[in-house]
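Have a look at the structure below before the remarks.
The numbers here are math on the coordinates, done by the rules we state, and not lab data. Because the structure is a prediction, the values reported are computed rather than measured. Here Cβ is always computed from backbone atoms with ideal geometry, including for glycine, and neighbour counts include all displayed protein chains.
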Amino acid sequence: MADHREASVTLPSEPASVAAARRFVSEVLGRWGLDDGADTAEAADALRLMVSELATNAVVHTFGQSPTFTVELRLDREQVLRVGVTDSHPRFPRRLPAAVQQDNGRGMVIIRVLAAEAGGRLSFTPTDEGGKTVWITLPWVAATRADVVPAC
């Protein structure tokens with residue numbers, strides 16, 4: 001496999017794009033062989049949930065100021081997977097106060113917990129255009145095809 005792989009997609013900031021972002025991540029993980037085996041399948045599920053939360057934030061919390069958002073995956077040396085969601089809204093995500101009965105305001109908490117459980121982290125970087133990218137960085141050792149045991 002290559003030392004470095006990248007894939008990205010730009011989607012319109014609309015609710016249907018959240019599912020499209022999740023599908024894109026699934027397709028890329030499958031193409032790169034990163035969803036094989038029990039360990040990576042569970043990590044892939046967690047990653048899809050994190051991307052769903054970030055895509056939802058890019059749609060809902062940019063208040064119409066970001067007509068699109070971009071999902072980017074980078075795999076370095078088969079060891080580190082970085083997933084970024086970029087939008088053109090300048091404000092960085094922040095934890096919203098979540099009342100017990102409230103249905104929103106917990107996305108960033110969920111992402112931080114899932115990333116930490118996987119040995120990763122969450123970070124934010126500004127873009128040159130005035131927006132931001134929210135990054136999830138995870139350790140991720142891709143299984144080689146010889147390591148993958150077919151299911152019976």
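Couple of notes before you dig in:
- Pairwise FRET efficiency - E129 versus E27, Cβ, R0 = 35 Å, nearest 0.05: 0.85
- Coil-residue trypsin sites (Lys or Arg not before Pro) of the range 56-87, DSSP, other Cβ within 10 Å capped at 14: R77
- Put simply, when 108-116, 55-63 are sorted by average Cβ atoms within 10 angstrom per residue, most first, you get 55-63, 108-116.
- Net length gained if the chain between S8 and T68 were fully extended (0.36 nm per residue, minus Cα distance): 20.3 nm
- Under the Debye formula (equal points on every Cα, no solvent term), log10 I(q)/I(0) of the range 1-88 at q = 0.20 Å⁻¹: -0.87
- Pairwise label distance in nanometres, F92 with R77, each label 7 Å out on the Cα-Cβ vector: 2.7 nm
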